[in-house]
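Notes follow once the structure below has been shown.
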Amino acid sequence: MTQQYRFNLTEKDMPTAWYNVAADLPVPIGPPLDAEGNPVGAEALLAIFPPALVEQEVSTERYIDIPGEVLDVIRTFRPTPLTRARMFEKALGLPEGIQIYYKYEGINASGSHKANTAIPQAFYNKQAGITKLTTETGAGQWGSAIAMAGSQLGIDVDVFMVGVSYDQKPYRRIFMESFGAKVHRSPTTMTEVGRQVLAKDPDTLGSLSIAISEAVEVAAANPDINYSLGSVLNHVCLHQTVIGQEAILQMEMAGVEPDVVIACCGGGTNLAGIGFPYYKRRLDGKTKARIVAAEPKACPTLTAGEYRYDFGDEAGLTPQMQMYTLGHDFVPAGIHAGGLRYHGDSPLVSALVKSGDIEAVSLYQNDCFEAAMIFSRAEAMLPAPESSHAIAAAVQEARAAAEAGEDRVILFNLSGHGFLDLPAYDRYNRGELVDYDFASGTVIDGKEA
């Protein structure tokens with residue numbers, strides 16, 4: 001009997017509404033606060049966001065319709081495939097009762113899930129008469145996605161790319177520039193924030209927090225420029241929920257229900273994308289699936305951070321949000337999973353971690369690359385360094401189940417490919433990657449002891 005590997009939907013199966021988890025939180029998240037601790041009204045966000053996105057940011061409506069014009073564009077790469085990783089299972093030596101599935105979000109040109117929100121953000125800004133967007137990017141997936149969306153929808157894009165990633169990932173810069181974006185190594189001398197940071201530390205690696213400050217500073221000073229964010233905020237999480245809605249249908253096609261749903265977590269939106277619809281499914285009594293966030297030990301926001309109000313950027317230009325944070329002035333080590341080097345997490349994700357509805361684990365980058373290499377050679381799919389954290393967490397789940405003699409169905413979100421991250425794989429293959437441990441503040445040469 002032929003084994004089935006892939007479970008594909010058609011265009012008619014694609015979601016036509018986004019799921020808003022804010023309607024179903026066990027405890028509502030606190031409102032944004034200004035620097036003095038006063039609540040910030042939605043009108044304050046209009047300085048850098050278009051009205052439609054501000055409405056989505058504060059909405060508690062359970063489902064929000066996806067505009068037809070947005071559907072027309074995202075249907076060029078959605079629905080995305082779901083695959084049973086049978087070759088990976090075999091490579092790990094797993095018994096038949098342990099099944100691993102992955103939802104692959106890297107089939108669009110930018111190579112990651114970020115396109116799911118880049119396209120609606122570009123659309124709503126263009127609709128509001130905005131001519132240019134500024135944004136930040138870490139590893140470059142978000143910058144690539146918004147550059148692509150800007151070119152498709154006719155809006156200019158300036159990207160402040162975290163310095164260490166700018167140096168490590170030249171092909172991401174080339175990709176963004178090929179789609180018409182201007183890319184700046186952050187921190188820059190273009191902004192007051194950048195100049196202050198460089199005056200303190202001319203050799204800084206940069207951080208997402210600093211890059212956000214630079215992008216926000218430029219947008220706030222120009223009425224025809226808005227800021228665009230690829231993670232953390234409620235409307236960004238909202239746009240990603242097409243992932244989980246599709247995955248639920250595909251797992252039904254496979255005839256199984258996941259016991260655990262896993263995604264890597266930096267700011268939290270690809271975790272939200274696959275996890276929030278499963279959270280709703282659990283509320284509806286249709287699943288008992290656990291939801292697990294996998295993050296780096298070098299920047300373990302959910303597993304080592306504090307749950308409190310903090311700024312989203314280095315300079316404190318953004319409102320304070322209630323979230324898990326390592327401190328907005330924290331500059332993480334230069335790990336190759338640049339998209340996970342953020343000091344905070346989505347308030348929505350943080351609230352569900354706080355309530356116990358989402359679990360979190362932290363992993364060393366060498367263990368993640370090791371898992372990614374096993375996966376790559378088995379499935380002929382090279383994952384992004386960020387996505388390798390989800391793979392490593394899936395391996396932990398599978399091996400724990402095998403050791404306990406239990407059956408387990410594992411689903412993870414493969415949030416993007418690593419074709420533009422080859423220098424990271426080169427360093428791993430050469431044995432040159434080191435691990436960083438936030439808890440001890442130490443560099444670990446090689447794997448976890």
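Every number in this text was worked out from the coordinates using simple rules, so none of it is lab data. Just so we're clear, the structure is a prediction, and the values are computed from it rather than from any experiment. Every residue, glycine among them, receives a Cβ derived from its backbone with ideal geometry; neighbour counts consider all protein chains shown.
Data table
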quantity: R0 of 60 Å, Cβ-Cβ distance Val58-Asp426: FRET efficiency to nearest 0.05; calculated: 0.85
quantity: Percentage of interatomic Cα-Cα distances in the stretch 197-251 larger than 12 Å; calculated: 75 percent
quantity: Centre separation in Å (Cα based) which lies between the stretch 111-173 and the stretch 1-28; calculated: 25 Å
quantity: Cα-based Kirkwood hydrodynamic radius, the stretch 166-237, one decimal, Å; calculated: 13.6 Å
quantity: DSSP-defined beta bridges in the stretch 264-401 - what % are antiparallel, rounded to 5; calculated: 55 percent
quantity: Intensity falloff of the stretch 182-223 expressed as log10 I(q)/I(0), Debye formula with alpha-carbon point scatterers, at q = 0.16, 0.33 Å⁻¹; calculated: -0.35, -1.25
quantity: GNM top mover of Gly93, Gly416, Gly140 - the chain, alpha-carbon springs below 10 Å; calculated: Gly93
quantity: Selected from Val232, Val216, Val70 as most flexible by GNM, with the chain as the system and alpha-carbon contacts under 10 Å; calculated: Val70
quantity: Percent breakdown of C-alpha pair distances by 5 Å bin, ordered from the shortest bin, for the stretch 363-449; calculated: 3, 14, 22, 23, 18, 12, 6, 1
quantity: Protection proxy ranking of 296-303, 237-244 - average other beta-carbon atoms within 10 Å, highest first; calculated: 237-244, 296-303
quantity: Cross-link pairs Lys12/Lys182; Lys132/Lys297; Lys114/Lys288; Lys12/Lys288; Lys114/Lys354 - those with Cα-Cα distance over 30 Å; calculated: Lys12/Lys182; Lys132/Lys297
quantity: Peptide ranges 399-406, 262-269, 42-49 listed from the most packed, as the mean C-beta count within 10 angstrom indicates; calculated: 262-269, 42-49, 399-406
quantity: Reduced Cα scattering model of the stretch 159-205, Debye log10 I(q)/I(0), q = 0.25 Å⁻¹; calculated: -0.86
quantity: Cα gyration tensor shape for the stretch 79-224, rounded if a/c is under 1.5, else prolate or oblate; calculated: oblate
quantity: Relative contact order %, the stretch 63-209, counting alpha carbon pairs below 8 Å whose residues are six or more apart; calculated: 17 percent
quantity: Equivalent-ellipsoid semi-axes of the stretch 10-166, from the Cα gyration tensor, Å, largest first; calculated: 32, 22, 19
quantity: Antiparallel bridge percentage (DSSP; both residues within the chain; nearest 5); calculated: 40 percent
quantity: The chain - percent relative contact order, Cα under 8 Å, separation 6 or more; calculated: 19 percent
quantity: With eigenvalues of the C-alpha gyration tensor scaled by 5 and rooted, the stretch 10-82, Å; calculated: 31, 16, 10
quantity: For q = 0.07 Å⁻¹, Debye-computed log10 I/I(0) when each Cα of the chain counts as one equal scatterer; calculated: -0.30
quantity: Relative contact order %, the stretch 56-141, counting alpha carbon pairs below 8 Å whose residues are six or more apart; calculated: 25 percent
quantity: The chain: most fluctuating residue of Val197, Val236, Val292 per GNM, C-alpha cutoff 10 Å; calculated: Val197
quantity: Peptides ranked, highest mean first, by Cβ atoms within 10 Å: ranges 181-192, 384-395, 17-28; calculated: 384-395, 181-192, 17-28
quantity: Directionally averaged projected area (convex hull, Cα atoms, the stretch 291-443), nm²; calculated: 10.1 nm²
